[in-house]
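Before any comments, here is the structure.
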Ligand code: MIC
Ligand code: SF4
């Protein structure tokens with residue numbers, strides 16, 4: 001038998017439906033799930049609707065890390081709801097303050113060789129431990145918690161061969177920025193990136209987590225590293241060496257595609273506004289004045305990342321024109337920098353220390369000044385996501401960020417040496433402080449638990465079966481790379497409405513077209529037309545659920561991002577692809593569309609969309625598997641699952 005790569009080994013061990021043939025649909029067993037608060041409330045309402053008393057996974061964890069500003073009762077009510085519903089149904093609950101889900105999960109729960117499904121697009125972070133970790137919509141997580149398989153098209157496996165070793169001041173962030181530079185935000189759709197080669201050993205566990213985390217920005221299904229001695233050292237420092245197993249591809253394994261990165265030649269890189277793939281060398285734009293620097297987010301808030309910031313800032317001050325924020329990714333990281341003294345150095349430098357949460361990454365505070373340049377160690381820099389519409393957000397390593405905070409202008413961290421700051425490797429502790437008091441186990445007597453629902457938690461809206469004819473007007477026509485932040489913005493004002501679909505739906509496409517919602521109401525719903533990679537970015541199913549609530553029936557585009565396409569089907573919105581991309585030009589907002597004999601056309605393959613306004617016919621593909629067609633025709637996954645149960 002030919003050698004297998006690591007992805008094949010783990011997928012085969014979890015296969016419950018289908019065959020591993022690129023493109024063909026498979027169902028895999030899910031060992032662990034995670035949710036976060038902004039997607040979790042819906043996921044647990046959906047789980048509740050399935051009528052399963054206790055989760056059937058090996059482990060399910062509910063985190064609170066996004067909706068942390070408590071300007072009013074909504075977020076605190078959601079936290080209380082999540083705590084009670086977790087206790088009732090066999091789910092561990094990570095309390096607010098314990099940290100960002102992806103940071104805490106890898107610290108305390110991730111196990112090499114297992115599968116993890118999370119209602120957050122950066123769930124692949126745990127791929128750094130040798131897991132198959134995939135982001136999905138909340139409803140898919142609910143099904144997995146109920147013991148159902150997760151369905152996905154068998155991904156192509158791309159082998160990323162790392163040669164040489166990382167040089168001083170160059171990090172895992174630069175590895176993933178290099179891939180984004182080469183492959184773009186749509187390069188990874190339908191693919192898993194598996195890292196191998198001699199260079200892997202030079203990447204610490206923290207570097208690996210940064211790479212797998214931001215693989216999400218490639219549009220990839222996930223990314224994975226082997227489980228080797230560095231993994232073992234990390235798990236030992238977490239008091240979990242018993243969870244370690246060595247895992248790697250067979251020496252004669254093959255890959256569907258092959259990419260090489262020479263780490264010896266890699267230099268500090270930076271992504272420019274407003275997309276994570278607009279990558280250039282830091283040197284190319286060095287000298288640009290900045291107003292803000294933020295170190296944190298699930299990509300770069302580990303002990304290593306804050307340790308390097310403290311090392312550079314020790315005895316120095318943040319540049320006068322710069323506001324610098326530092327976010328420890330977890331309570332464990334926070335405690336580590338406090339005990340080691342790094343926190344004192346950061347405080348003394350003038351850095352603003354934030355609580356362990358997503359914070360500025362999701363526009364929960366720290367919006368930059370008008371037109372300001374902000375350099376962040378984060379993973380997304382979509383327009384307006386920071387909370388300031390005309391801010392210019394750049395993405396770089398913590399090394400580049402701290403060098404920039406010190407000088408007030410974009411700075412290659414290697415230039416710190418000329419300022420008398422010598423490179424010193426941050427040594428990770430042999431033993432991290434371990435205290436899981438902020439993780440509450442499920443209740444021993446679940447029947448005694450009352451689920452606490454605040455007034456902002458509204459019942460789950462359900463779709464109905466579509467009928468045999470779809471008709472309506474085109475509500476909006478947009479271009480390429482539309483993100484879920486365009487469709488359903490986040491930020492401190494809108495995020496607290498995640499449990500209230502009628503209220504949050506008032507903001508659909510609000511940053512793109514202020515009249516969209518009004519039009520959708522007046523026209524009784526309709527269609528959306530888009531370009532390539534529609535729905536990239538987050539896993540938020542609200543980007544499907546809220547449009548569904550407004551009566552959106554179908555979305556016709558050149559191509560979809562993976563998670564958003566699945567979310568559309570899950571909520572009974574028809575995903576359609578132009579058969580001839582040129583048809584995109586000959587169609588416009590306000591055109592009246594009709595699709596007749598829906599079920600018959602869907603079971604056949606090609607769908608004819610009549611444009612009544614122009615008297616034309618457009619051929620579209622739906623690209624759905626026969627299972628997905630039935631899910632859609634049932635009015636979504638919840639109807640399909642409950643009916644089938
Ligand atoms: C994001 O980074 O965009 C989020 C906020 O974490 C989302 C989830 C959400 O919208 O709740 C994600 O990445 O999936
Ligand atoms: Fe939170 Fe930002 Fe990570 Fe999303 S990308 S999980 S908002 S830190």
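Structure above, values below:
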| quantity | calculated |
| --- | --- |
| Projected-area average for the stretch 527-645 over all orientations - Cα convex hull basis, square nanometres | 7.2 nm² |
| Potential lengthening between residue 630 and residue 596 on full extension [0.36 nm per residue; Cα-Cα distance subtracted] | 10.5 nm |
| C-alpha center-to-center spacing [the stretch 540-591, the stretch 609-645] in angstrom | 11 Å |
| Computed FRET value (nearest 0.05) for residue 58 with residue 352, which takes r as the C-beta separation and R₀ as 30 Å | 0.15 |
| Within the chain, helix-based [θ] at 222 nm, where runs of 4 or more DSSP H residues each add -39,500 (n - 2.57), nearest 500 | -8000 deg cm²/dmol |
| Cα pair distances in the chain, grouped into 20 Å bins until the bin that holds the longest one, percent each | 20, 55, 23, 1 |
| Per residue, the convex hull volume that the Cα atoms of the stretch 1-89 enclose (Å³) | 136 Å³ |
| FRET efficiency, residue 15 to residue 257 (Cβ-Cβ, R0 25 Å, nearest 0.05) | 0.70 |
| Spin-label proximity, residue 614 to the stretch 458-488 - amide N less than 17 Å from point 7 Å beyond Cα toward beta carbon | 472-480 |
| DSSP-defined beta bridges in the stretch 460-608 - what % are antiparallel, rounded to 5 | 20 percent |
| The stretch 553-598, relative contact order in percent, only Cα pairs under 8 angstrom and at least six apart counted | 40 percent |
| Approximate spin-label separation residue 435-residue 449, in nm, with each point projected 7 Å along Cα-to-Cβ | 2.5 nm |
| Value of relative contact order over the chain, rounded to a whole percent, pairs C-alpha under 8 Å and six or more apart | 14 percent |
| Relative contact order (%) - criterion: Cα under 8 Å, at least six apart; region: the stretch 138-241 | 29 percent |
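A short reminder: the numbers here are calculations on the coordinates, not readings from a lab. The structure displayed is predicted, hence computed values, not measured ones. Cβ sites come from the backbone with ideal geometry, for glycine too, and all protein chains shown count toward neighbours.
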